[in-house]
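A short write-up of the structure that comes next.
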Amino acid sequence: MSMPSALASNTAHAQSASAKATSVKSGAAKADTVKADTVKSDHAALGLSSNEKLVVRNVVTDANGTKHIHYDRTYKGLKVVGGDLIVTRNKAGKLGTVRKNASGKVAVSSVTPTYSASKAKVTGQQKSHAVRTLKKDSDLVIFAGKGTPRLAYDVYVEGVRADKVPTRSHTYVDARTGKVLAVDDDIKTGSGRSIYVGNVTIGTKAHSGGGYEMTDAAGNYTTDVHNQGDPNTGSGPAGDLFLDSDDTWGNGTNSDRASAAVDAQYGAEKTFDYYKNVLGRNGIWDNGQGSRSRVHFADGMANAFWDGQQMTYGDGSDNNSPVLALDVAGHEMSHGVTENTAGLVYYGDAGGLNEANSDIFGTAVEWYANNSADTPDYLIGEKVDLFGNGDPLRYMDQPSKDGASKDCWSSSLGNLDPHYSSGPLNHWYYLTSEGSGAKTINGVNYNSPTCNNSSVTGIGHDKVEKIWFRTLTTKLTSNSNYKAAREGAITSAIELYGASSQECKSVESAFNAISVPAGSASCDGGSDPNPPTGDNLLKNPGFESGTVGWTGTAGPITNNSGRAAHTGSWKMWLGGNGQTASENESQTVSIPAGSDATLTYWLRVDSSESSRYYAYDKMQVQAVSGGTTKVLKSYSNVNADNTWHQVSVDLSAYAGKSVTLKFVMNEDAYLQTSFVVDDTSITAK
């Protein structure tokens, strides 16, 4: 039986070979849970007051057991907007990197408001621009997203604007002065006309009453709300499942409800499959639950809603099918992923990152589906034809071609609408994927310039997506800016592919190419903000720039206050786990021929082991060169005296060679021993 263009027949929900997940060095990260004692330990390690509580938002666990725990906070029982932070713990549970949103401070002098709540509600109503209000409420919160933390009203307005765009607006009003601190909106919208994806396969199953229902094995399902409720906001009934007697759905016309439902179902399924099979995330919420799509035809509008969080809408005088191109569907549902991971707000730099993140993963879903009727490309919403001239909504190779988006980052970027401040990160994604210059991909001509007239080498979109997804889920907080995105992406590239890899270098050079200033994260061969200084051949010898220059186990290089540094606040803390653990950190240097080279470092050992005769927990300092490992020094719990000692080792035997300095620790299952290293140096004279 022939099927109409764009709509579908389906029995089994199959995955093509090209859709299989590809692995990277560290393996796929997955969500996990956190025990109450871990939360308590993090609270203590972070030095938080008794007024502050940590609330787990999201947890990602690497293949090596490292956990990235994203917390929200409360202060004296009030929600802290922008108080989120990420704590990294290695497999043994030792605290590593801590990334705090904004200043990290949340305390206010008083939680008693002096400005009228009713006046704040009036302000919130005005800022929402809603001409029809369905719901209005306010709560006291601590606003800590930018500047000094302040007591504020979170004025929530749910309604519809004059242009029929829905809003679920949060206006943050200072509870002492009445000043508007920020306006955010839960709804991130896209608009357009009919979308066709050719003959497609969707997931269905037998219905209890006979025939078939539009529900796949993962629980993605689509309902018809029969024009009930509000077509703009998605409020109203859940709707009835789409049913069919012969498992062949739709006729391909704009006014056919089942045809629109196929578009919605297909987009939801491909998005779910992409996140699960490629990125290892089990659905939007990482809980294996599929998405619910609702289709609503009313008043010349044909709307589609995914779980009531994001939506797309038609804008014609007749029944238009929903804006359900693959990239648009992936874009909208990816806003839900952002909400449940980094929680990027929708204003400032973070708003641009939020919108670009959805563009990136909407494009990724299109590449993953590889549908001949919607050929993968680096254009956003090209099938929507919103303008009636075939132009897409956005161009990733040169965002400014839409007339409003920016190609390059600047300090004023955060003042723009997120759809336009997203431009530089979209540009970065294209450059890192395909490189700079003119080229033709899948029949589309691109010409991506750089803001610094440099050349960028592409590494393929699939690798870039893995790097960016790790950045989103383990490095970014709610108010992260472009500089934080650069730091996070370079660090993620190092973790996945290595500091000397082309992947890392392309990520870094593409951020240079969109004018995002360099921070502390750097690839080998790139511009290094922490080069060796003076006669010291080691990079970042005192660890004050975190892991820059060093590679090894996540966690030992830390500013955790549990052990003091020799100088500064960062050090290498090996051991201290009180359970079986192995850790290492290393750095490679080239020692000039004919030189006298010396390694020096400061070491402090303390232990809970009682024996002064038996070595239970051990640490070695090694030199690795030409495939040969030499133990330079050995330590154990026997050496514990809680005192700093400077150690010197002759490395003249390695003159003219490349040598890797390596610190290796092995701890047994009982009682901790801590080996703290700081202020390292390799000099050659």
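Kindly evaluate Asn452 against the criterion of being modelled with pLDDT under 95 and not in a helix (DSSP H, G or I). Working first, answer last.
On the way: modelled with pLDDT under 95: yes; not in a helix (DSSP H, G or I): yes.
So Asn452 fits the description; yes.
Would you pick out the residues in region 500-517 that are over 19 Å from Ser433 (Cβ atoms) and either modelled with pLDDT of 90 or more or surrounded by 24 or more Cβ atoms within 10 Å (Cβ to Cβ) (or both)?
Pro517
Does region 500-510 contain at least one residue that is under 24 Å from Thr97 (Cβ atoms) and outside any helix (DSSP H, G or I)? If you could, list the steps in order and put the result at the bottom.
Filtering region 500-510 down to residues under 24 Å from Thr97 (Cβ atoms) leaves 500-501, 503-508, 510.
Those still in the list that are outside any helix (DSSP H, G or I) too: 500-501.
Yes.
Cβ-Cβ under 6 Å, sequence separation 6+ or interchain: first residue in region 166-183 and in contact (Cβ under 8 Å) with a residue 24 or more places away in the chain and surrounded by fewer than 20 Cβ atoms within 10 Å (Cβ to Cβ), partner in a strand (DSSP E or B) and among the basic types (Lys, Arg). Which pairs?
Matching pairs, first to second residue: Asp174/Arg150.
Take the residues in region 337-364 that are part of a helix (DSSP H, G or I), aliphatic (A, V, I, L, M) and modelled with pLDDT of 95 or more, then tell me which one is surrounded by the most Cβ atoms within 10 Å (Cβ to Cβ).
Among residues in region 337-364 that are part of a helix (DSSP H, G or I), aliphatic (A, V, I, L, M) and modelled with pLDDT of 95 or more, the one surrounded by the most Cβ atoms within 10 Å (Cβ to Cβ) is Ala350.
Out of all the residues in region 253-274, is one or more among the small types (Gly, Ala, Ser), in contact with a strand residue (DSSP E or B) (Cβ under 6 Å, 6 or more places away or on another chain) and either in a loop (DSSP other than H, G, I, E, B) or at pLDDT below 50 (or both)? Give the steps one after another, and end with the answer.
Taking region 253-274 as the starting set, the residues that turn out to be among the small types (Gly, Ala, Ser) are 255, 258-261, 264, 267-268.
Okay, now just the ones that are also in contact with a strand residue (DSSP E or B) (Cβ under 6 Å, 6 or more places away or on another chain), so 258, 260-261, 264, 268.
Restricting the remaining residues to those that are either in a loop (DSSP other than H, G, I, E, B) or at pLDDT below 50 (or both) gives none.
No - not one qualifying residue is present in region 253-274.
Go through region 44-55 and count every residue that is in contact with a strand residue (DSSP E or B) (Cβ under 6 Å, 6 or more places away or on another chain) and modelled with pLDDT of 95 or more. Explain how you work it out, then say what you get.
We begin by selecting, within region 44-55, every residue in contact with a strand residue (DSSP E or B) (Cβ under 6 Å, 6 or more places away or on another chain); these are 45, 51-55.
Then drop every residue that is not modelled with pLDDT of 95 or more, which leaves 51-55.
So the count comes out to 5.
Considering region 350-369 alone, what residues qualify as being in contact with a Leu (Cβ under 7 Å, 6 or more places away or on another chain), under 14 Å from His419 (Cβ atoms) and not aliphatic (A, V, I, L, M)?
Those that are in contact with a Leu (Cβ under 7 Å, 6 or more places away or on another chain), under 14 Å from His419 (Cβ atoms) and not aliphatic (A, V, I, L, M): Gly352, Asn354, Asn357.
I need a count of the residues in region 543-595 that are in contact (Cβ under 8 Å) with a residue 40 or more places away in the chain, over 30 Å from Tyr670 (Cα atoms) and in contact with a Ser or Thr (Cβ under 6 Å, 6 or more places away or on another chain).
So the answer is 2.
If you take the residues of region 653-662 that are more than 13 Å from Tyr601 (Cα to Cα) and touching a residue at least 24 places away in the same chain (Cβ under 8 Å), which of them is surrounded by the fewest Cβ atoms within 10 Å (Cβ to Cβ)? If you could, list the steps in order and put the result at the bottom.
Filtering region 653-662 for residues more than 13 Å from Tyr601 (Cα to Cα) gives 653-660.
Then drop every residue that is not touching a residue at least 24 places away in the same chain (Cβ under 8 Å), which leaves 654-660.
Values: Tyr654: 22, Ala655: 15, Gly656: 10, Lys657: 16, Ser658: 12, Val659: 24, Thr660: 14.
Residue satisfying both the conditions and the ranking: Gly656.
Checking the condition over 29 Å from the mean Cα position of the chain (by Cα), assigned to a strand (DSSP E or B) and over 18 Å from Ala623 (Cβ atoms), which residue from Trp573, Trp602 passes?
On the way: Trp573 fails: over 29 Å from the mean Cα position of the chain (by Cα).
Matching residue, one of Trp573, Trp602: Trp602.
Got a number for residues in region 455-480 being in a loop (DSSP other than H, G, I, E, B) and surrounded by fewer than 20 Cβ atoms within 10 Å (Cβ to Cβ)?
Here is the first cut: in region 455-480, the ones in a loop (DSSP other than H, G, I, E, B) are 455-460, 475-480.
Filter once more, so that each one left must be surrounded by fewer than 20 Cβ atoms within 10 Å (Cβ to Cβ): 455, 457, 460.
Of the residues in that region, 3 qualify.
Does Tyr430 fit the bill of being farther than 30 Å from Gly96 by Cα and surrounded by fewer than 23 Cβ atoms within 10 Å (Cβ to Cβ)? Spell out the reasoning first.
Numbers: farther than 30 Å from Gly96 by Cα: yes; surrounded by fewer than 23 Cβ atoms within 10 Å (Cβ to Cβ): no.
For Tyr430, the condition - farther than 30 Å from Gly96 by Cα and surrounded by fewer than 23 Cβ atoms within 10 Å (Cβ to Cβ) - is not met.
Sort through Val621, Val631, Val638 and tell me the only one that's among the β-branched types (Val, Ile, Thr), in contact (Cβ under 8 Å) with a residue 24 or more places away in the chain and either in contact with a strand residue (DSSP E or B) (Cβ under 6 Å, 6 or more places away or on another chain) or part of a strand (DSSP E or B) (or both). Don't jump to the end; show me each part of the working.
Details: Val631 fails: in contact (Cβ under 8 Å) with a residue 24 or more places away in the chain; Val638 fails: either in contact with a strand residue (DSSP E or B) (Cβ under 6 Å, 6 or more places away or on another chain) or part of a strand (DSSP E or B) (or both).
Testing whether each residue is among the β-branched types (Val, Ile, Thr), in contact (Cβ under 8 Å) with a residue 24 or more places away in the chain and either in contact with a strand residue (DSSP E or B) (Cβ under 6 Å, 6 or more places away or on another chain) or part of a strand (DSSP E or B) (or both) leaves just Val621.
Could you check region 605-616 and list, in sequence order, the residues that are part of a strand (DSSP E or B) and either of a type outside the set (Gly, Ala, Ser) or modelled with pLDDT under 90 (or both)? Give the steps one after another, and end with the answer.
Applying the first criterion (part of a strand (DSSP E or B)) to region 605-616 yields 605-607.
Residues satisfying the conditions are Val605, Asp606.
Being under 26 Å from Gly83 (Cα atoms) and crowded, with 17+ Cβ neighbours inside 10 Å is true for just one of Gly124, Gly159. Which residue is that?
Details: Gly159 fails: under 26 Å from Gly83 (Cα atoms).
So the residue among Gly124, Gly159 that is under 26 Å from Gly83 (Cα atoms) and crowded, with 17+ Cβ neighbours inside 10 Å is Gly124.
Taking Asp650 and the conditions (1) charged (D, E, K, R); (2) at pLDDT below 95; (3) surrounded by 20 or more Cβ atoms within 10 Å (Cβ to Cβ), which numbered condition does it fall short on, given that it satisfies the others?
(3)
Test each condition in (1) at pLDDT 95 or above; (2) surrounded by 24 or more Cβ atoms within 10 Å (Cβ to Cβ); (3) within 14 Å of the chain's Cα centre (by Cα); (4) not hydrophobic (A, V, I, L, M, F, W, C) for Thr491 and report the one that comes out false.
Answer for Thr491: the failing condition is (1).
Which one of Ser400, Ser358 is free of Cβ contacts under 8 Å to residues at least 24 places away in the same chain and touching a Gly at 6+ places or on another chain (Cβ under 9 Å)? If you could, list the steps in order and put the result at the bottom.
On the way: Ser358 fails: free of Cβ contacts under 8 Å to residues at least 24 places away in the same chain.
After applying the criteria, what remains is Ser400.
Name the residues in region 672-685 that are farther than 18 Å from Ala564 by Cβ and crowded, with 17+ Cβ neighbours inside 10 Å, would you? Reasoning before the result, please.
Step one: filter region 672-685 for residues farther than 18 Å from Ala564 by Cβ, giving 681-685.
Within region 672-685, Ser681, Ile682, Thr683, Ala684 meet the criteria.
Given the options Ser321, Ser334, Ser317, name the one that is modelled with pLDDT under 95, assigned to a loop (DSSP other than H, G, I, E, B) and touching a Ser or Thr at 6+ places or on another chain (Cβ under 6 Å).
On the way: Ser334 fails: assigned to a loop (DSSP other than H, G, I, E, B); Ser317 fails: touching a Ser or Thr at 6+ places or on another chain (Cβ under 6 Å).
On inspection, the qualifying residue turns out to be Ser321.
Please indicate, with yes or no, whether at least one residue in region 289-311 is among the small types (Gly, Ala, Ser), surrounded by fewer than 24 Cβ atoms within 10 Å (Cβ to Cβ), at pLDDT below 70 and outside any strand (DSSP E or B). Walk me through it before giving the result.
Taking region 289-311 as the starting set, the residues that turn out to be among the small types (Gly, Ala, Ser) are 290-291, 293, 298, 300, 302, 304, 308.
Within this subset, residues satisfying the condition of being surrounded by fewer than 24 Cβ atoms within 10 Å (Cβ to Cβ) are 290, 298, 300, 308.
Pick out the ones that are also at pLDDT below 70 and you get 298, 300, 308.
Imposing the further condition that a residue be outside any strand (DSSP E or B) reduces the set to 300, 308.
Looking through region 289-311, at least one residue is among the small types (Gly, Ala, Ser), surrounded by fewer than 24 Cβ atoms within 10 Å (Cβ to Cβ), at pLDDT below 70 and outside any strand (DSSP E or B).
Could you please give the count of residues in region 626-647 that are crowded, with 18+ Cβ neighbours inside 10 Å and closer than 22 Å to Thr551 by Cβ?
Going through region 626-647 one residue at a time, the tally reaches 1.
The values are calculated or read from the model by the stated rules, or taken from the named source; none is laboratory data. Bear in mind that the values here come from a model prediction, so they are computed numbers and not experimental data. Backbone-built Cβ (ideal geometry, glycine too); neighbour counts: all protein chains shown.
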